[in-house]
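Trainee: Have a look at the structure that comes next, please.
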């Protein structure tokens with residue numbers, strides 16, 4: 001599929017499009033997004049009268065695991081965009097061109 005974003009034409013199966021997507025995700029997908037995803041997937045932990053978010057627990061108790069998970073999640077976001085780029089192109093105010 002050929003698309004145009006910010007005046008630049010991309011073949012969605014090209015290396016250039018993948019790099020564009022990777023840079024976009026790197027710039028826009030934040031730790032807050034990852035924390036929200038973790039907190040939506042897992043239940044809060046209550047100990048006595050204290051309540052802890054899953055993202056905070058992982059970040060504090062296994063910071064390496066947290067960073068690895070964050071990186072893996074960004075990679076997963078890139079792959080999902082590459083597999084089905086139409087929504088991403090629309091969000092970027094791009095257009096799909098006829099081949």
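The values are calculated or read from the model by the stated rules, or taken from the named source; none is laboratory data. Everything numeric here is computed off the predicted structure, so don't read it as measured data. FYI the Cβ positions are ideal-geometry reconstructions off the backbone, even for glycines, and counts take in every protein chain you see.
Trainee: Those residues that are farther than 17 Å from residue 81 by Cα and outside any strand (DSSP E or B), I need them from the stretch 6-23; list them, please.
Mentor: 6, 7
Trainee: Which residue out of 34, 42 is more than 30 Å from residue 93 (Cα to Cα) and surrounded by 10 or more Cβ atoms within 10 Å (Cβ to Cβ)?
Mentor: Numbers: 34 fails: more than 30 Å from residue 93 (Cα to Cα).
Residue meeting the stated conditions: 42.
Trainee: Run residue 26 past the list (1) under 21 Å from residue 83 (Cβ atoms); (2) free of Cβ contacts under 8 Å to residues at least 40 places away in the same chain; (3) in contact with a helix residue (DSSP H, G or I) (Cβ under 9 Å, 6 or more places away or on another chain); (4) surrounded by fewer than 14 Cβ atoms within 10 Å (Cβ to Cβ) and report the number of the one that doesn't hold.
Mentor: Only one criterion in (1) under 21 Å from residue 83 (Cβ atoms); (2) free of Cβ contacts under 8 Å to residues at least 40 places away in the same chain; (3) in contact with a helix residue (DSSP H, G or I) (Cβ under 9 Å, 6 or more places away or on another chain); (4) surrounded by fewer than 14 Cβ atoms within 10 Å (Cβ to Cβ) is unmet by residue 26, namely (2).
Trainee: Which of the strands (runs of 3 or more DSSP E) found entirely inside the stretch 30-97 contain at least 2 residues meeting this: touching a helix residue (DSSP H, G or I) at 6+ places or on another chain (Cβ under 9 Å)?
Mentor: Details: elements: 45-47, 50-52, 95-97.
Qualifying strands (runs of 3 or more DSSP E): 95-97.
Trainee: Is it the case, given these coordinates, that residue 96 is surrounded by fewer than 17 Cβ atoms within 10 Å (Cβ to Cβ), within 15 Å of residue 10 (Cα to Cα) and at pLDDT below 95?
Mentor: yes
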